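Participant: Structure provided below as C-alpha cells; questions to follow.
The values are calculated or read from the model by the stated rules, or taken from the named source; none is laboratory data. Since we're looking at a predicted model, the values are computed, not measured. Cβ sites come from the backbone with ideal geometry, for glycine too, and all protein chains shown count toward neighbours.
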Amino acid sequence: MGHNVTLIRGDGIGPEVAEATRRVVNATGVKIDWDIQDAGVDVHAREGTPLPERVKESMKRNKVCLKAPITTPVGTGFRSVNVELRKLFDLYACLRPCRTYQGVRSRYDKIDLVIVRENTEDLYAGIEFKRDTPEAARIIEVIKELSPGAKIREHAGISIKPISVEGARRIVEFAFDFAEKNGRKKVTAVHKANIMKFTDGLFLEVAREVATKHPKIEFEDRIVDNMCMQLVQYPERYDVLVLPNLYGDIISDLCAGLIGGLGVAPGANIGLNGAMFEAVHGSAPKYANQNKVNPTALILSGALMLEYLGEKLAADRVQKACAAVIADGKDVTYDMRTAGDSRKPVGTKEMADAIIARL
Ligand code: NAD
C-alpha cells in the first residue's frame, strides 16, 4: 500500500517546484497517493479564502503534506496560510538542515548546521492590535496601568510575544532528541534574554533545564545578534541551533545564504500528529511561470518527507542525486551559476530531469 500525501501546489513559483518534486519522489519508486489540493492567492480570488476547508480536511486525513510556497500579502490582506497550517495542526517544530553542497556558489564549505525553530508561539502567534482601534486603546491603557514607566505612545500598533514553558520545553526537547538520534554533538539555544527577560529569559531557563537531562550533548547559548555574527564568521563551530519563532525565521535565511541561497534550503514542520514539508524560500512571484527557479529546496524537502515516511533509502537516493547534479554543475538553474561560468543555466523542469536521471 502507498503513502497518502496531501500536495499543496501553492502560488507564484509554487506549482513549478511542486511538479518537479512530485516527479522526483515518484521516480524513487516509492508509492505515493498524492491528494492535490490548491491553496493561496489564486484560490482566494476564486473561493474567497486562501485556505478552504477541503485542504484542511485533506491534511487531517493524510497527516503528511508536501507544500509549495504561498504568497502572504504584506501589511494588509489575508494572514499567512503557512503560519495558519502550522498552528492548526500544531506542527510545533520547524527543522531546517543547512549543508553546503560541492559545486554550490558559496564563500563557505563544510557547513553542516541544523536549525530547530519553534513554530507556534512568539511574535508569530498572530496576536496583534491595529493602531487607533478600541482594542489597541484598551491595551495601551492596561499597559500604562500595569507598567507606569513604560514608554508607549498613542497611535501604536501592538504585537504580543507569548513564550510558554510548555512551548519552550517541547521545542528544546525536540532539538536534543534530534541531536541524539542523528549523531550530533552540540545544541546552541539562541535568544535575547538580556533584554526580554520574561519571554526569551524563560526560553533560556527551560533550555538549560532540558540540557541537564541530555549530558551526552554539549549545550551552550548565544544572544541572537552575536549569533548572526558568529554564523557569518565561524559557522563551523555550530551544530544544532534551537530558537524561538522569529529568530528562527531570520537565522534560517541567514544560514540559507551561507550555503548558497534559498534554492537549496529545505524544511520540515513536525508535530505529534503529522508533518508538513516545505522549502525555506517563498513564492518569488517575479519568477512565476518562467521555468527558471531552482527546484532543489523543495525536492530536498521531499527527501525529508520520505525519511519521515520511513523510506530512508529513497530519501538518501534523492539527496545524493541532487548533490551529484549540483557537483556536476551542468544541469543547474541560474542561481547556481558562478561568475565567469559561461554555460547557459537550465530551467526548473530540466534540473528535475537531471536529478531523476541520477537516481
Ligand atoms: P522569496 O523566498 O519568495 O524570494 C526571495 C528571492 O530569493 C527571489 O526573488 C529569488 O531571487 C530568490 N529565490 C527564492 N526561491 C528561489 C528558488 N527556488 N530558486 C532560485 N531563487 C530563489 O521571498 P520573498 O520575496 O520575501 O517572498 C515572496 C512571497 O513568499 C511573500 O508573499 C512571502 O510572504 C511568501 N513566503 C512564503 C513562504 C512559504 O510559503 N513557506 C516562505 C517565505 C515567504
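Participant: Here's a check for you: in segment 89-98, which residue that is in a strand (DSSP E or B) and touching a Cys at 6+ places or on another chain (Cβ under 9 Å) is nearest to the ligand (Cβ to nearest atom)?
Facilitator: ARG96
Participant: Also: Checking ARG86 against (1) modelled with pLDDT under 90; (2) crowded, with 17+ Cβ neighbours inside 10 Å; (3) in a loop (DSSP other than H, G, I, E, B), only one condition comes out false. Which one?
Facilitator: Tallying (1) modelled with pLDDT under 90; (2) crowded, with 17+ Cβ neighbours inside 10 Å; (3) in a loop (DSSP other than H, G, I, E, B), ARG86 fails exactly one: (3).
Participant: Here are the criteria: (1) closer than 30 Å to ASP221 by Cβ; (2) outside the structural domain of LYS181 (by TED's automatic domain parsing); (3) of a type outside the set (Val, Ile, Thr); (4) buried (at least 18 other Cβ atoms within 10 Å of the Cβ). Tell me which single one ARG317 does not satisfy.
Facilitator: Answer for ARG317: the failing condition is (1).
Participant: Restricted to segment 252-292, and to residues that are among the polar types (S, T, N, Q) and more than 17 Å from ALA18 (Cβ to Cβ), which residue is nearest to the ligand (Cβ to nearest atom)?
Facilitator: Filtering first and then ranking leaves SER252.
Participant: Looking at this structure, is ASP353 within 13 Å of the ligand (Cβ to nearest atom) and either in a helix (DSSP H, G or I) or at pLDDT 95 or above (or both)?
Facilitator: Criteria not met by ASP353.
Participant: Another question, then. With (1) assigned to a helix (DSSP H, G or I); (2) within 8 Å of the ligand (Cβ to nearest atom) as the list, and ARG317 as the residue in question, which single condition is left unmet?
Facilitator: That leaves (2) as the condition not met.
Participant: Would you confirm whether or not segment 62-80 contains a residue that is out of contact with any Pro (no Cβ under 7 Å at 6 or more places or on another chain), without any contact (Cβ under 8 Å) to a residue 12 or more places away in the chain, outside any helix (DSSP H, G or I) and more than 10 Å from the ligand (Cβ to nearest atom)?
Facilitator: yes
Participant: Pick out the one residue from ASP249, ASP225 that is within 25 Å of THR199 (Cβ to Cβ), within 13 Å of the ligand (Cβ to nearest atom), in the same structural domain as PHE176 (by TED's automatic domain parsing) and not in a strand (DSSP E or B).
Facilitator: Residue meeting the stated conditions: ASP249.
Participant: Given the criterion over 23 Å from VAL242 (Cα atoms), of a type in the set (Phe, Trp, Tyr) and within 30 Å of the chain's Cα centre (by Cα), identify the matching residue among PHE129, PHE176.
Facilitator: After ruling out the rest, the residue left standing is PHE129.
Participant: Something else: Given (1) more than 14 Å from the ligand (Cβ to nearest atom); (2) part of a helix (DSSP H, G or I); (3) over 12 Å from VAL30 (Cβ atoms), where does LYS330 come up short, assuming only one miss?
Facilitator: (2)
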